[in-house]
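Here the structure comes first, spelled out in structure tokens, and everything after it is commentary.
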Amino acid sequence: PSNYTYGCNPTDCIFNGGTTKCVDLYSVSDPISSQVGSYPITILATGYIVNPVSSSLPPIGVGQTTYDGYYLVIEEQTPVGITKVENGDMKSLTAYPNPTSGNTTIEFAMGYSSDVTFTITNLLGEVVNIQKIAATKGLNTIKLDASGMSNGIYLYTITDGVNSIAKKLTVNK
């Protein structure tokens, strides 16, 4: 989101090999409701060789590595967090709005591509919605119209037969 920025320690964002340093991702103002959701974070690192004999020679770039699978998650009435999704992982990121009176968005991230089953059950264990979804590696979004559901608390699950995630969804019209 546009009100987020980053800073490094050291400020030039140059980290010598074999050291551990920090990049801070932060908001310059409080998030607003239209920013609720999940945002992929990609870190691009370039390695250089510095000539130990003559510092007057420019460093030589030797390659780049991309670190992905990180997500900035902004939820309603919850502190902002960063979630890491590795190969083989399936993680629930957020559902918004929750509680809902109609349309809601459910976001989850996968470290691999797989067909998944999305199921909503009421507290009696009765299935009220089931969908098959071709989930891809990375961020996945389910748009749900809950306007036909009765007020109450529901459990939604996403499973590929090996990994599962389950979260609560509240319908309040």
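Read-outs throughout are calculated quantities, based only on the coordinates presented, and are distinct from any laboratory measurement. Because the structure is predicted, anything quoted here is derived from the model rather than measured. Neighbour counts are summed over all protein chains in view; Cβ atoms, including those assigned to glycine, are modelled from backbone coordinates with ideal geometry.
Some observations on this one:
- Region 77-129 pair-distance distribution - Cα-Cα, 10 Å bins, rounded %: 18, 42, 35, 6
- Rounded to whole Å, the principal axis extents of the Cα atoms in the chain read 73, 37, 19, largest first.
- Measuring from each cysteine beta-carbon in the chain, the ones with no other cysteine beta-carbon under 4.7 angstrom are 22.
- 10 Å-binned pair-distance histogram of region 96-173 (Cα, whole percent): 18, 54, 25, 3
- For residue 173, a cut-off of 25 angstrom between C-alpha atoms picks up these lysines, skipping any fewer than 8 places away in its own chain: 143.
- Most fluctuating residue given options 104, 94, 65, as computed from a GNM of the chain linking Cα atoms under 10 Å: 65
- Residues of type aspartates and glutamates that residue 132 reaches as a straight line, Cα spacing below 20 Å, ignoring anything fewer than 8 places off in the same chain: 89, 107, 115, 145, 160
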